[in-house]
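Scroll down for the structure; my scribbles are underneath it.
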Amino acid sequence: MISRASLGRRAQRALRRTHCQCQAQPSNCRGLAAAASGSFTYETGEAAGVKFASRDLPGPTTHVAVVAKAGTRYQPAPGFTDGLENFAFKNTNKRSALRITREAELLGSELNAYHSRENLIVGAKFLRDDLPYFVELLAEVISNTKYLRHQLQEEVLPRIKLSQKSILGNTAELADSSAHAVAFHRGLGTPLHPTSSSPFTKYIDEGGLQAFSQVAYAKDNFAVVANGASHSELSKWVGEFFTDSPDTAPSDLPKPGTGQTKYYGGEERIAHDSGNNIILAFPGSGSFTGGFFKPEISVLSALLGGQTTIKWSPGFSLLSKATEDYPRIQIKTTHHTYSDAGLLCITMSGDASQMRKAASGVVSTLKGVAAGEVSKEDIKKAVAAAKFQTLESGQAISTGIELTGAGLVTGGKAFQLDEVGKSIEKVTEDQVKKAAKSLLDGKATVSTVGDLHLLPFAEEIGLQV
């Protein structure tokens with residue numbers, strides 16, 4: 001078994017220095033059971049040219065992640081974001097993938113890498129005292145990974161192909177990808193994983209991934225975010241270990257997806273025999289950390305609802321009431337938020353014959369909101385629900401880390417829960433009405449997957465595309 005003495009030397013020295021400081025000044029050190037600040041507000045800073053944020057939550061564990069603006073929106077060709085994700089924690093110039101795995105096991109930790117449409121997140125969860133080691137490891141992974149051909153061919157590409165196959169029978173995922181593609185075309189319209197018919201292998205190679213990593217992991221393109229770490233400690237280790245990443249990406253490398261997102265709208269229909277899904281989508285709100293935030297969209301999403309929050313009850317949202325006569329369908333409203341755009345989606349799944357009838361009722365409900373046919377009590381409940389949903393999501397560690405990291409990179413602003421809550425509280429009935437009317441006056445996005453013989457076209461349910 002690998003001993004602690006064999007772990008990263010710089011991190012080991014750092015741990016010893018911290019231990020000595022604790023012996024000299026025990027009042028400044030915290031045990032596992034001691035109270036932390038408990039604040040849900042992120043403190044932000046910059047060290048070694050790297051933006052970082054921390055939230056010192058009480059508890060014995062810490063979650064630290066590098067959030068890079070390298071999601072599928074920004075990849076130069078299909079498969080590049082997946083490739084970079086799957087190369088995380090492979091061989092580096094200092095350690096082998098086996099050594100990284102064994103050291104992580106020895107310290108009792110969890111390593112992870114995943115991506116969204118805008119961000120690539122490489123992170124670790126571990127015991128609080130091991131912060132120096134894992135900050136050093138993350139710095140090493142993003143700046144010193146070896147992009148080897150045999151690992152690409154034998155490990156990375158097969159995993160990407162598995163992701164392709166997993167989507168084939170998932171009608172909900174197909175509908176979601178279709179809705180984004182129809183709404184945004186390129187950029188945010190790029191699917192989370194290459195589609196089954198995408199010839200991504202002709203674009204991706206080890207040299208291309210190496211070049212993309214120089215763009216993704218340039219200091220002006222990522223941020224370090226921590227939950228369960230003190231601000232001073234994180235600043236110290238980020239400043240010490242994140243020195244090898246370039247300040248900016250090489251000027252000769254492409255930077256796709258950086259332009260302002262444009263909404264298009266339209267309709268796409270995909271025949272499938274594994275299920276039925278319809279997504280009715282409209283322009284939404286950008287993230288709170290950007291300049292395109294519209295809190296009334298969150299309230300409208302909660303007002304429409306559809307998916308119950310009360311066990312054994314269909315719920316009392318507008319869409320629950322509109323579809324109560326169609327028990328063989330499920331309906332929910334979701335709001336996808338991005339840095340400079342958003343997509344408000346009403347998703348229906350289930351029996352095709354009932355969905356045809358229910359879709360018309362959904363559009364009629366939205367038109368009723370635009371006409372002001374909603375009680376003040378419903379608006380009040382929607383404001384409360386929107387506030388809860390937003391704060392509950394932001395309080396979740398993984399969501400808060402991505403939102404804060406993305407905010408620091410794109411606008412230098414962390415995702416602060418209290419400010420978001422105050423914005424939602426101020427939404428008025430008139431704002432919600434105007435928001436609904438603006439959605440209906442513009443072009444909708446309609447993506448239909450399933451039995452196309454029964455499922456309706458957009459014009460048949462009263463939407464213009």
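The values are calculated or read from the model by the stated rules, or taken from the named source; none is laboratory data. Predicted model, so just to flag it, every value in this text is computed and none were measured. So basically every Cβ, Gly included, is an ideal-geometry build from the backbone, and we count neighbours across all protein chains shown. Heads up: the accessible areas ignore ligands, DNA and RNA and are worked out on the full protein's heavy atoms, side chains in. Shrake-Rupley method; radii C 1.70, N 1.55, O 1.52, S 1.80 Å.
Here are some notes:
- Efficiency of FRET from Cβ geometry, R159 and T308, R₀ 45 Å, rounded to 0.05: 0.80
- The trypsin sites (Lys or Arg not before Pro) found in the range 90-136 that occupy coil by DSSP, while having at most 15 further C-beta atoms within 10 Å, are K94.
- Per residue, the chain exposes 45 Å² of solvent-accessible protein surface, assessed with a 1.4 angstrom probe and all protein chains in place.
- Helix 9-24 vs. the chain, principal-axis angle (Cα, 0 to 90°, nearest 10): 80 degrees
- Packing-based order for 185-198, 238-251, 153-166, using average beta carbon neighbours within 10 Å, highest first: 185-198, 238-251, 153-166
- Tilt relative to the chain, helix 231-241 - C-alpha long axis, 0 to 90 degrees, to 10: 70 degrees
- Potential lengthening of the chain between T258 and T101 amounts to 53.0 nm, from the contour at 0.36 nm per residue minus the alpha-carbon distance.
- Net charge, A47 excluded, C-beta distance under 12 Å - Lys, Arg +1, Asp, Glu -1: 0
- Cα long-axis angle, helix 429-441 against the chain (0 to 90 degrees, to the nearest 10): 80 degrees
- Residue-span extension gain [K376 to K437] - 0.36 nm each, minus C-alpha spacing: 20.2 nm
- Mean-position separation - Cα centroids, the range 391-412 and the range 345-382, in angstrom: 30 Å
- For the range 309-465, Kirkwood radius (reciprocal of mean inverse C-alpha pair distance, Å): 17.6 Å
- Space enclosed by the convex hull of the alpha-carbon atoms of the chain, per residue, Å³: 156 Å³
- Here the 3J(HN,Hα) profile of the range 96-108, calculated from phi with Karplus coefficients 6.51, -1.76 and 1.60 at θ = phi - 60°, is 7, 4, 5, 5, 4, 5, 5, 5, 5, 5, 4, 8, x Hz, Gly and Pro shown as x.
- Entry note, the chain: relative contact order of 20 percent, from Cα contacts under 8 Å with a spacing of 6+ residues.
- Cα principal axis extents for the range 90-166, largest first, Å: 40, 26, 21
- Classification of the range 173-323 by its C-alpha gyration tensor yields an oblate form. The axis ratio a/c (a ≥ b ≥ c) is 1.5 or more, and b/c is at least a/b.
- Unsatisfied cross-links (Cα-Cα over 22 Å) in the set K165/K202; K161/K332; K262/K321; K69/K94: K161/K332; K262/K321; K69/K94
- Mean separation of Cα contacts under 8 Å (6+ apart) over length of the range 255-320, as relative contact order %: 17 percent
- For the range 93-137, the set of GluC sites (Glu not before Pro) satisfying both a DSSP loop assignment and a count of at most 13 other C-beta atoms within 10 Å is empty.
- Helices in the chain, meaning DSSP H runs of at least 4 residues, each add -39500 (n - 2.57). Divided by all residues, the mean residue ellipticity at 222 nm is -12500 deg cm²/dmol.
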